[in-house]
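Novice: Questions regarding the structure given below will be posed in turn.
Please treat every number below as a calculation from the coordinates, not as lab data. In this text the structure is predicted, and so the values were computed from the model without any measurement. Positions of Cβ are backbone-derived with ideal geometry, glycine not excepted, and every protein chain shown enters the neighbour counts.
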Amino acid sequence: MPIITRKIELKIVRLTDEEYDQQWKYLYQINNTIYQAANRISTHCLFNDEYEMRLRLSYKSRYDKINKGLENIKTELEKLNTKKKTSDKEKRDRLINEQRQLVDERNELDEDVKNKKKDFFQCSKQNSTYQLASKEFLKYIPAEILTDLNRYVQNNHNNNKKKVKSGERALSTYKKGMGIPFSIKPQSGLRLFVKEEGIYLKWFKGILFRLEFGKDTSNNRCIVERLIESDKQQKGKGEDYVANNSSIKLIKKGNDKSTRIFLLLSIDIPAKKQVLDKEVVLGVDLGIKCPLYLAINKNDNFKMQIGDIEHFHNQRTMFQKRFKSLQKLMCTQGGHGRKKKLEPLEKLKEKERNWVHTQNHVYSREVIKQALKHNAGTIHMESLKDFGKGKEGYVKDEYKYLLRYWSYYELQSMIEYKAKLEGIEVKYIDPAYTSQTCSYCGERGERKKQEEFVCTNPQCKRRGEKINADFNAARNIAMSKKIVKDN
Ligand SMILES: [Zn+2]
């Protein structure tokens, strides 16, 4: 399975100042001891290996003797078998008896070595390093973290063993500032979840982190949301994202050298089995009448509308009403400071943004689903650079509002990143005339109404027919060769 790693800033959700200070103290305490624990575990790993080596060496001469004896008996028995003389029966019986004795002796030695190891490790070899480290560090580091650290250091140790032996690399040492490993498990206390407008990570000691995505150019938010979604659903469909080897890191950054917290999230994404056809292009038209319309260059019968503009407008009106009543309410209430007054408005705005964001998620997911269903290896979308520009070159009002409000940019970037994860290539095309050109003959036609396109070319097989204007545009987009470099 391919693995992707994401780095996301975390902010502690502040409750009281006292708790906030304690939680920072707790983080520093782990940060200041974790590397020492790692080095200790690493040394113990080495020590365990050396112990086993010594044990092997101290028994070597006895094992050698037994093995040599067994080999000799084997060759003599083979000789006797080829001769097949009845007079050798006595000799053969004696040899077999000796052989049995030697095997018993070897089993005894094995048992001996086993017991010595048991005495030494007190438990399994893997567990022994944890036991030792916990005696020293459990008062600073939670057991779950130590367990993950133990596994991490052991894996490192075992993977590097050969190279250390051959001198290609030195033993690993761990430095202050290394990541603090932990496992995100939906069932346990450590989990990621969505609440209202944010995504949170519940951690040890009741620490609650809020994930800060910033500008989020690499779509981390979408990936984390998909991860949370995978956790909620039943496992085993092979489409799930699985978090493994997560860690947090304290990093001093900026001019003031203040400490910031980062989550390093490593996620298994399912391998793609489907090989898609790059020549099959799914065209995505972003419109005013319906948010998205899909068509495919090589399949005339496929058309699909995604989303419902009515629903969208209703939601928008609802939000606007709530805005107005909130504003009214605040005018009638005097007293409080301006900042405090604006807070509920800001919250409502965020809620609205969040609604659009969720909607874009649903839409983009559907686009990818359709692309996969029709084996489309390429997706075409209109470049938003000249999106909605009229003949005179200015952006029409209804488009302006969609661009800004509906955030088509976000929708496109979601489609793009989700496509990438599926191995689908996304190309942007020049949007000029996509809605005024007939997708069957390539001649200019008429978009009589917003929803209807009619071709007037006498040679066209679809001449005079009323074609769904969005479908026609989506077909043009799918078939377009006018690829633009930057969106
Ligand atoms: Zn035509």
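Novice: Express the relative contact order of the chain as a whole percentage, based on alpha carbon pairs under 8 Å and six or more residues apart in sequence.
Specialist: Values: 641 pairs, mean separation 73.7, N = 487.
Relative CO of the chain lands at 15 percent.
Novice: Also, quick follow-up: Taking the Cα centre of segment 277-484 as the origin and placing charges on Cβ (Lys, Arg +1; Asp, Glu -1), which of 288, 436, 471 is farthest toward the positive end of the dipole?
Specialist: After comparing all options, I get 288.
Novice: According to the square roots a ≥ b ≥ c of the eigenvalues of the Cα gyration tensor, what is the shape class of the chain, taking rounded for a/c under 1.5, prolate for a/b larger than b/c otherwise, and oblate for the remainder?
Specialist: Numbers: a/c = 3.88, a/b = 1.75, b/c = 2.21.
Oblate.
Novice: Which residues does the label zone of residue 299 cover in segment 357-379, counting backbone N under 14 Å from a point 7 Å along Cα→Cβ?
Specialist: Under cut-off, by backbone N: 367-379.
Novice: Could I ask something else about it? Go through the chain and flag any cysteine with no other cysteine's C-beta closer than 4.7 Å, please.
Specialist: Those would be 45, 123, 222, 290, 331, since no other cysteine Cβ in the chain comes under 4.7 Å of theirs.
Novice: Another question, if that's okay. About its Cα centre, how strong a charge dipole does segment 277-484 have in debye, to the nearest 20, once Lys and Arg get +1 and Asp and Glu get -1 at the Cβ? Intermediate results must be reported in sequence, preceding the final value.
Specialist: On the way: 40 positive and 27 negative charges, 168 e Å.
Dipole of segment 277-484, to the nearest 20 debye: 800 debye.
Novice: Then there is this: Hey, what angle do you get for helix 338-373 against the long axis of the chain, alpha-carbon based, 0 to 90 degrees rounded to 10?
Specialist: It is inclined by approximately 80 degrees.
Novice: Oh, and also: How would 374, 313, 44, 380 line up from fewest to most surrounding beta-carbon atoms within 10 angstrom?
Specialist: Numbers: 374 18, 313 10, 44 21, 380 27.
In increasing order of surrounding Cβ atoms, one gets 313, 374, 44, 380.
Novice: Given points 7 Å out from each Cα along the Cα-Cβ axis, report the residue 138 to residue 117 separation in nanometres with one decimal.
Specialist: In this crude spin-label approximation the distance works out to 2.5 nm.
Novice: Order by neighbour count: 325, 266, 435, fewest other Cβ atoms within 10 Å first, most last. Spell out each step's value before the answer.
Specialist: On the way: 325 10, 266 14, 435 20.
In increasing order of surrounding Cβ atoms, one gets 325, 266, 435.
Novice: Within segment 115-129, find all residues whose amide N lies under 14 Å from a label point positioned 7 Å from the Cα of residue 164 along Cα-to-beta-carbon.
Specialist: 129, by backbone N distance to the label point.
Novice: Quick one: dipole size for the chain, taken about the Cα centre, charges +1 on Lys/Arg Cβ and -1 on Asp/Glu Cβ, in debye to the nearest 20.
Specialist: On the way: 98 positive and 66 negative charges, 116 e Å.
In total the dipole reaches around 560 debye.
Novice: Rounded, prolate or oblate for segment 27-163? Axes are the square roots of the Cα gyration tensor eigenvalues, ordered a ≥ b ≥ c, and the cut-off for rounded is a/c under 1.5. Let's see the in-between values first.
Specialist: Values: a/c = 4.81, a/b = 3.78, b/c = 1.27.
Taking the square roots of the gyration eigenvalues as a ≥ b ≥ c, segment 27-163 is prolate.
Novice: Using the alpha-carbon atoms, what tilt in degrees (0 to 90, nearest 10) does helix 143-165 show relative to the longest principal axis of the chain?
Specialist: 70 degrees
Novice: Multiply the residue separation of residue 205 and residue 460 by 0.36 nm, subtract the distance between their alpha-carbon atoms, and state the gained length in nm to one decimal. Before the final figure, lay out each step's value.
Specialist: On the way: separation 255, 0.36 × 255 = 91.80 nm, distance 7.16 nm.
Gain on extension, residue 205 to residue 460, equals 84.6 nm.
Novice: Next question, about the same structure. Determine the alpha carbon to alpha carbon distance for each of 163/249; 7/427; 195/420; 278/427 and list only those over 18 Å.
Specialist: Numbers: 163/249 28 Å; 7/427 27 Å; 195/420 28 Å; 278/427 11 Å.
The pairs that break the limit, which is 18 Å between Cα atoms, are 163/249; 7/427; 195/420.
Novice: Within 10 Å of each residue's Cβ, count the other Cβ atoms and sort 80, 292 from fewest upward. Display every interim value, and only then the final one.
Specialist: Values: 80 15, 292 23.
Ranked by crowding around the Cβ, least crowded first: 80, 292.
Novice: Which FRET efficiency value, to the nearest 0.05, do you get for residue 446 and residue 346 by plugging their Cβ-Cβ distance into 1/(1 + (r/R0)^6) with R0 = 30 Å?
Specialist: The value I calculate is 0.05.
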